[in-house]
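Peer 1: Quick one: this structure, given as structure tokens, is what I'll be asking you about.
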């Protein structure tokens, strides 16, 4: 299926934050209780969603604001003022779409395992990273949180890509690399391996990061991910 920008923006916002259609309201609602509003835009489209318990902005001229990557949307800044939120409550970063295939997935400098039967057995014998709670870790390695890929060193995972956000159609990549293994270009290899697993289940795969996370943006460039736009939130 060929997706246009508005469909992609809406699909990713729904996968991450959950969108609803609210009776009597012109804008989609946001299910995530930690987020008051989401503004997702590209050069060709934009999606604005507001939590159902927040009043919709009236006559928002910001709808015509020219696309400006890296510049907070005025609609969220105005909503922050109206709701008394601090300016820092508005944050965002770039968003990308995975291509159908990678021309040459980056090589891994460490062994990789993925969420197939052999990988799940191997993961069960690994030392759990300290930033994962036991129950959550058990769900991850059993595949209950979606597909995953890991780079392994000394019987411990040191870089993990998994599916922290998803819906029936799309999944969003989540990447973690242990501090002492960062800078070794493990993340691109692990993300590529994850995508090969998850693309069997989902029609579209997304990757997004924060404006300040230049290392994460470098992963997207290394993999040749297609820039989509920017996602901004008001929390």
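The values are calculated or read from the model by the stated rules, or taken from the named source; none is laboratory data. None of these values were measured; they are calculated from a predicted model. Backbone-built Cβ (ideal geometry, glycine too); neighbour counts: all protein chains shown.
Peer 1: Could you tell me whether residue 40 is touching a strand residue (DSSP E or B) at 6+ places or on another chain (Cβ under 7 Å), assigned to a strand (DSSP E or B), surrounded by fewer than 18 Cβ atoms within 10 Å (Cβ to Cβ) and modelled with pLDDT of 90 or more?
Peer 2: Working: touching a strand residue (DSSP E or B) at 6+ places or on another chain (Cβ under 7 Å): yes; assigned to a strand (DSSP E or B): yes; surrounded by fewer than 18 Cβ atoms within 10 Å (Cβ to Cβ): no; modelled with pLDDT of 90 or more: yes.
It is false that residue 40 is touching a strand residue (DSSP E or B) at 6+ places or on another chain (Cβ under 7 Å), assigned to a strand (DSSP E or B), surrounded by fewer than 18 Cβ atoms within 10 Å (Cβ to Cβ) and modelled with pLDDT of 90 or more.
Peer 1: Among the residues of the stretch 104-125, what is the count of those that are in contact with a strand residue (DSSP E or B) (Cβ under 6 Å, 6 or more places away or on another chain) and in a helix (DSSP H, G or I)?
Peer 2: Number satisfying all stated conditions: 2.
Peer 1: Kindly establish whether residue 94 is at pLDDT 95 or above and closer than 30 Å to residue 55 by Cβ. Before you say what the answer is, go through the steps one by one.
Peer 2: Numbers: at pLDDT 95 or above: yes; closer than 30 Å to residue 55 by Cβ: yes.
Yes; evaluated as a whole, the condition is true for this residue.
Peer 1: I've got another one for you. Does residue 59 count as at pLDDT below 95, surrounded by fewer than 22 Cβ atoms within 10 Å (Cβ to Cβ) and on the phi > 0 side of the Ramachandran plot?
Peer 2: Considered against the rule, which asks whether it is at pLDDT below 95, surrounded by fewer than 22 Cβ atoms within 10 Å (Cβ to Cβ) and on the phi > 0 side of the Ramachandran plot, residue 59 comes out as yes.
Peer 1: Residue check, residue 72 against (1) surrounded by fewer than 16 Cβ atoms within 10 Å (Cβ to Cβ); (2) at pLDDT below 95, all met but one. Which one?
Peer 2: (1) is the only condition that residue 72 fails.
Peer 1: Within the stretch 21-44, can you find the residues that are free of Cβ contacts under 8 Å to residues at least 60 places away in the same chain and more than 17 Å from the chain's Cα centre (by Cα)?
Peer 2: Matches in the stretch 21-44: 21, 22, 23, 24, 25, 26, 27, 28, 29, 33, 44.
Peer 1: If you scan the stretch 76-117, which residues turn out to be within 30 Å of residue 1 (Cα to Cα) and under 18 Å from the mean Cα position of the chain (by Cα)?
Peer 2: 92, 93, 94, 95, 96, 97, 98, 99, 100
Peer 1: Which is in contact (Cβ under 8 Å) with a residue 24 or more places away in the chain and over 19 Å from residue 204 (Cα atoms), of 163, 91?
Peer 2: On the way: 163 fails: over 19 Å from residue 204 (Cα atoms).
91 is the lone residue from the list that is in contact (Cβ under 8 Å) with a residue 24 or more places away in the chain and over 19 Å from residue 204 (Cα atoms).
Peer 1: Looking at the stretch 113-130, which of the residues that are surrounded by fewer than 18 Cβ atoms within 10 Å (Cβ to Cβ) and touching a residue at least 40 places away in the same chain (Cβ under 8 Å) is farthest from residue 195 (Cα to Cα)?
Peer 2: Across the stretch 113-130, the extreme among qualifying residues is 129.
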